[in-house]
Amino acid sequence: MENKVLRNLSYGMYIVGSKSDRAVGCIVNTVVQITSEPKTIAVSINHDNYTNEVIKKTNKFSISILSEDTNPEIIGTFGYKTSKEIDKYKNINIKELEGLPVLIDSCGNIICKVISTMETSTHTVFLGEIIAMDNYKECTPMTYKYYHEVLKLKSPKNAPTYIEEKENKKTVWKCSICGYEVEIDELSSDYVCPICKQPASAFEKIN
């Protein structure tokens with residue numbers, strides 16, 4: 001099959017959060033409005049993401065719609081680190097809406113209560129009824145196409161859209177700070193991580 005066809009599907013960039021004893025969250029690119037009445041959203045989250053576990057416990061989740069102006073370090077934190085180990089919301093401009101964390105610097109925020117779930121081999125699809133929305137701004141939402149082609153960033157392995165490239169594979173270098181990976185034969189001495197801004201010395205060759 002021609003996997004590249006899937007790249008022409010439309011995706012956005014979002015932070016999906018939840019909260020039990022503390023706030024958790026992760027980057028998600030698959031958020032879809034299913035119905036208008038009642039207003040219903042579907043979100044796909046990998047089983048390995050701690051956010052998945054907390055949503056199942058609390059039956060509520062938040063969505064912050066990222067803009068093209070979103071700091072790439074935020075994407076690195078929420079996309080390449082785990083809420084099990086760090087407080088991802090620390091030092092980020094946030095507030096609570098219906099008791100859940102949302103980003104103030106976003107194109108808008110949505111709160112959902114879970115009304116159904118569907119399990120796949122790798123992801124849970126949460127179906128949520130919208131119970132609150134706010135912070136609508138006239139900004140340009142970040143698309144997955146912009147994330148790849150303008151910011152030049154790659155899909156984390158937990159993303160629903162991750163496709164392993166098996167042909168013409170180059171050497172992979174991994175940032176020891178944020179986990180970002182870049183495929184390139186040789187990493188130049190002046191290379192800087194696009195996520196956490198660490199120098200080339202922070203990268204290690206993994207194959």
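The values are calculated or read from the model by the stated rules, or taken from the named source; none is laboratory data. Here the structure is a predicted model, which means the values were calculated and not measured. Virtual Cβ from ideal backbone geometry, glycine too; neighbours counted across all protein chains shown. The area values use the complete protein model at the heavy-atom level, side chains included, leaving out ligands, DNA and RNA. Shrake-Rupley method; radii C 1.70, N 1.55, O 1.52, S 1.80 Å.
Close amide H contacts of Ser176 (hydrogens built in the peptide plane, cut-off under 5 Å, sequence separation of 5 or more or a different chain): Phe203, Glu204. Annotation: per residue accessible area for the stretch 42-140 equals 49 Å², rounded to a whole number [probe 1.4 Å, protein chains only].
Using the Karplus relation 6.51 cos²θ - 1.76 cosθ + 1.60 with θ = phi - 60°, the per-residue 3J(HN,Hα) values for the stretch 105-111 come to 8, 9, 7, x, 10, 9, 10 Hz, with x marking Gly and Pro.
Quick one: net charge of Ile130's neighbours, Cβ under 13 Å, K/R +1, D/E -1? Cβ neighbours under 13 Å give a net charge of -1. A Stokes-Einstein calculation at 10 °C with viscosity 1.306 mPa s, built on the Kirkwood radius of the stretch 1-100 over Cα pairs, returns a diffusion coefficient of 108 µm²/s. For Lys57, the aspartates and glutamates whose Cα comes closer than 20 Å to its Cα, not counting residues fewer than 8 places off in the same chain, are Asp21, Asp48, Glu85, Asp87, Glu96, Glu98, Glu119, Glu129. Ligands, DNA and RNA left out, the accessible area of the stretch 1-126 computed with a 1.4 Å probe is 48% carbon and sulfur.
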